[in-house]
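Chemist: Below you will find the structure I want to go over with you.
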Amino acid sequence: MGGQARTRIVIMNTLHLTDSQQDIKTAAAVIRDGGLVAMPTETVYGLAANALDGAAVARIFKAKGRPMDNPLIVHIADISDIERLSLTADLPEKARLLAKAFWPGPLTIIMKKGAVIPDEVSAGLDTVAIRLPSHPAARALITESGCPLAAPSANTSGKPSPTTAQHVIDDMEGKIEAVIDGGACDVGVESTVITVATDTPRILRPGIVTREEIEAVIGAVEVDRAVLNKLENNEKAASPGMKYKHYAPRAKVILVRSADKRYTDFVNRCYRRDGNCAAMCYAEDVDRIVAPTVSLGSKNDLKQQAQALFDALRAVDTIEGVETVYAHCPTTQGVGMALYNRLIRAAAFQVIDLPDKTIIGLSGPTGAGKSEVAEILRNLGAGVVYADLAARKAVEEPEVKAALCAAFGNVLNADHSLNRSLVARIAFGSKKNLKLLNSITHPRIVEIMLEMAADCKEDIVIFDAPQLFEARADVFCDKIISVLSTREKRLDRLVRRDNLRREEVELRMSAQYDDRFFIDHSDRIIDNNGTVEELHACVKEVYGRLTDGTE
Ligand code: TXA
Ligand code: MG
């Protein structure tokens, strides 16, 4: 069979089979004929073909839209198959020990490949990944087919792995010959992948079989850097699958690392503000979240969360109007490592770290006296993060400078620092330019402000930010205070402070939100039309209420 060219007609109807003995026989005939069958395993559904038939295996890549350099796992029904079929040249002792401890089950072992393994399976590597699944339907299909089965997860490449037959049908209907419905998968995340072809065995993909469990059997193992970190552009992936964006729903996933209550408060503020987000959270938090939720199950039950994960990622796209999903970041210990590994890829490595601080946004129109209020708060014991300072840091970062040059042409000085006055001139030249500038700088400025807040020694941190709302920093604030004063007073202050002409000041002021906006979007307004003493007294009173918990 191997290698022989075969033309196939387009599959119009995928056979929907059960796991009955008769249906398994039908599916095995499809496999022997070089066809593709989606089968349940204890982890996720796999898309199976005869592993020793290169042409059949090539069709798997086509159906999934999978990059050809990403090798497949060979599934066997009995440990003796490895040597009987010469799948490897020699079976290392550590592989034997691991197989004995964890097979049949959700562990894949990579070892040197035998000559019978087609290049399509190993994607040109000199190793092969082998797994003995515990799911009865998978084992029955392998046995009945009479050959080992190459099977990646049965999803379209990049999408979440399928944990029900319906997920498979959603992705693969009309592209494969058959699907065996064996109900929902028990484990829910793919097998742990470990290589024993390196000096020290190394985990390339975490799963429900944990590092701790493996080390109890074969001693120390390494965890590949790519498991928890984003690879640099020049880094080679030990497991090719790790370099691709993965598990992603249509909506954008963002991981939020924070204490429980800070997470729910944050998601609620995002929802109230934008109305287009959902939360991927724990069952215990569902009732406290006003946004639509997708629950992963109980907070302390990592196995339950693993089981629910891919279904939850798919479910996100069934909620109307959701553009962003905030997922509460799991621990990286034990089974948590598998959850984190999948979620961080679904999020394309975008993580928000919420500092464990009470953050108070301080805003208001220019000239109203915000800086004075910040100074009083600082003297009362609050930490202060200045948005202007964060902005200055942001625009000296190479990525930000590159983005600004891409948008506005060369805006650097001879020494490669940013020509700030040139940027200011361009930005204030048109509304469009200003918007573009803000879309480049604001997200990074807010990130820096969060980092600065985390570094503060104080528990209460003030975000002194004239553009708190424009920069969307308001969603990170537990409370918002705005300082207001009359137009005349503001004009006077600015003319004196910044040495500007009245017309210039008026132009600046006209670009900002009016008092009504600040009143509607703040928890407290500080009126700065009175004396310095009155301002002090007012700030002190507000701060006192915030710190003693009455507000
Ligand atoms: O639980 C599972 O493992 C499921 C079920 C169907 O068995 N299968 C699965 O296969 O998740 P797949 O193809 O979606 O993921 C296999 C992973 C990929 O990241 C791939 O790059 C890696 O294993 N892999 C396979 N062979 C390899 C090899 N020789 N060296 C390094 N990585 C390998
Ligand atoms: Mg996969």
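The values are calculated or read from the model by the stated rules, or taken from the named source; none is laboratory data. It should be emphasised that the depicted structure is a prediction, and the values quoted were computed from it without experimental measurement. Here the Cβ positions follow ideal geometry from the backbone for every residue, glycine too, while neighbour counts run over all protein chains shown. Surface accessibility is based on the protein's heavy atoms, side chains included, excluding ligands, DNA and RNA. Shrake-Rupley method; radii C 1.70, N 1.55, O 1.52, S 1.80 Å.
Chemist: In square angstrom, rounded to the nearest 10, how much accessible surface does Lys540 have for a 1.4 Å probe?
Modeler: So the heavy atoms of Lys540 present about 130 Å² to solvent.
Chemist: Full extension from Glu458 to Ala220: what is 0.36 nm times the residue separation minus their Cα-Cα distance, to one decimal in nm? Can you show the working numbers first?
Modeler: On the way: separation 238, 0.36 × 238 = 85.68 nm, distance 4.11 nm.
Full extension of this stretch gives 81.6 nm more.
Chemist: What dipole magnitude, in Debye to the nearest 20, does segment 405-526 give about its Cα centre under +1 on Lys/Arg Cβ and -1 on Asp/Glu Cβ?
Modeler: So the magnitude is around 600 debye.
Chemist: OK, next. Any idea what the relative contact order of segment 123-278 is, in percent, if you count C-alpha pairs under 8 Å spaced at least 6 apart?
Modeler: Values: 128 pairs, mean separation 24.3, N = 156.
Relative contact order of segment 123-278: 16 percent.
Chemist: Now for a different question. What order do you get for 392-404, 133-145, 476-488 when each peptide is scored by the mean count of other beta carbon atoms within 10 Å, highest first? Spell out each step's value before the answer.
Modeler: On the way: 392-404: 15.8, 133-145: 22.2, 476-488: 20.0.
Ranking, from highest mean packing down: 133-145, 476-488, 392-404.
Chemist: Between Leu97 and Asp119, what is the FRET efficiency for a Förster distance of 25 Å, r being their Cβ-Cβ separation, to the nearest 0.05?
Modeler: Details: r = 29 Å, r/R0 = 1.18.
After rounding, the FRET efficiency stands at 0.30.
Chemist: I've got another one for you. Whole-Å semi-axes of segment 265-366's equivalent ellipsoid, largest first, each the root of 5 times a Cα gyration tensor eigenvalue?
Modeler: The three semi-axes for segment 265-366 are 25, 17, 13 Å.
Chemist: Can I ask one more? Short version: ³J(HN,Hα) in whole Hz for each residue of segment 89-99, in order, from phi by Karplus 6.51 cos²θ - 1.76 cosθ + 1.60 (θ = phi - 60°), x for Gly and Pro, what are they?
Modeler: 6, 8, 9, x, 4, 5, 5, 4, 5, 5, 4
Chemist: If each of Ala402 and Asn529 carries a label point 7 Å out from its Cα toward its Cβ, how far apart are those two points in nm?
Modeler: Output for this residue pair reads 5.1 nm.
Chemist: Between Arg32 and Asn379, what is 0.36 nm times their sequence separation minus the Cα-Cα distance? Round to one decimal in nm.
Modeler: In short, 117.1 nm is gained.
Chemist: Fully extended, how many nm does the chain gain between Ile319 and Glu213 (0.36 nm per residue separation, minus their Cα-Cα distance)?
Modeler: Separation in residues times 0.36 nm, less the Cα-Cα distance, equals 34.4 nm.
Chemist: A further question follows. So, R0 is 22 Å and r is the distance between the beta-carbons of Ser439 and His521; what FRET efficiency does that work out to, to 0.05?
Modeler: On the way: r = 21 Å, r/R0 = 0.94.
For R0 = 22 Å, the calculated efficiency reads 0.60.
Chemist: What ranking do 266-277, 326-337, 151-162 get when scored by the average of other Cβ atoms within 10 Å per residue, highest first?
Modeler: Ranked from most to least packed, the peptides come out as 151-162, 326-337, 266-277.
Chemist: Sort segment 407-550 into rounded, prolate or oblate with this rule: let a ≥ b ≥ c be the square roots of the eigenvalues of the Cα gyration tensor; rounded if a/c is under 1.5, and if a/c is not under 1.5, prolate when a/b is larger than b/c, oblate otherwise.
Modeler: Because a/c hits 1.5 or more and a/b fails to exceed b/c, segment 407-550 counts as oblate.
Chemist: Give the aspartates and glutamates reachable from Lys25 as a straight Cα distance under 18 Å; neighbours fewer than 8 places away on the same chain don't count.
Modeler: Within reach: Asp33, Glu144, Glu177, Asp181.
Chemist: Based on DSSP, what percent of beta bridges with both residues in the chain are antiparallel, to the nearest 5? Don't skip to the end; give the middle numbers.
Modeler: Working: 17 of 64 bridges.
Of all bridge pairs located within the chain, approximately 25 percent are antiparallel.
Chemist: Quick check: Cα centre of segment 190-254 to Cα centre of segment 365-380, how many Å?
Modeler: Between the Cα centres of segment 190-254 and segment 365-380 lies a distance of 49 Å.
Chemist: Between Asn413 and Asp274, with labels modelled 7 Å along Cα→Cβ, what's the label distance in nm to one decimal, could you check?
Modeler: In this crude label model, Asn413 to Asp274 measures out at 3.6 nm.
Chemist: While we're looking at this one, here's another question. If you average the alpha carbon positions of segment 23-89 and of segment 267-328, how far apart do those two centres end up, in angstrom?
Modeler: One Cα centre to the other: 34 Å.
Chemist: Something else: Rounded to the nearest 20 Debye, what is the dipole magnitude of segment 158-256 about its Cα centre when Lys and Arg each give +1 and Asp and Glu each give -1 at the C-beta?
Modeler: Roughly 560 debye, rounded to the nearest 20.
Chemist: Mind grabbing the accessible area of Arg508 for me, 1.4 Å probe, Å², rounded to tens?
Modeler: Only protein atoms counted, so the area is about 130 Å².
Chemist: Under unit Cβ charges (Lys, Arg +1; Asp, Glu -1), what dipole magnitude, rounded to 20 debye, does segment 337-423 have relative to its Cα centre?
Modeler: Computed about the Cα centre, the dipole is about 220 debye.
Chemist: Could you tell me which of rounded, prolate or oblate describes segment 466-550, using a ≥ b ≥ c as the square roots of the eigenvalues of the alpha-carbon gyration tensor, with rounded for a/c under 1.5 and, failing that, prolate when a/b is larger than b/c and oblate otherwise?
Modeler: Taking the square roots of the gyration eigenvalues as a ≥ b ≥ c, segment 466-550 is oblate.
Chemist: Moving on to the next point. Normalising by the residue count of the chain, find the relative contact order in percent from Cα pairs under 8 Å and 6+ residues apart.
Modeler: Details: 1072 pairs, mean separation 68.8, N = 551.
Relative contact order, the chain: 12 percent.
Chemist: Is the chain best put as rounded, prolate or oblate by its Cα gyration tensor, with a ≥ b ≥ c the root eigenvalues, rounded for a/c under 1.5, and otherwise prolate when a/b is larger than b/c, oblate when not?
Modeler: Prolate, because a/c is 1.5 or more and a/b exceeds b/c.
Chemist: Something else about it: If you take the beta carbon distance between Lys393 and Asn234 as r and set R0 to 30 Å, what does 1/(1 + (r/R0)^6) give as a FRET efficiency, to the nearest 0.05? Present the calculation step by step, with values, prior to reporting the outcome.
Modeler: Details: r = 27 Å, r/R0 = 0.89.
The formula returns an efficiency of 0.65 here.
Chemist: For helix 136-145, report the angle its Cα long axis makes with the longest principal axis of the Cα atoms of the chain; keep it between 0 and 90° and round to the nearest 10°.
Modeler: 50
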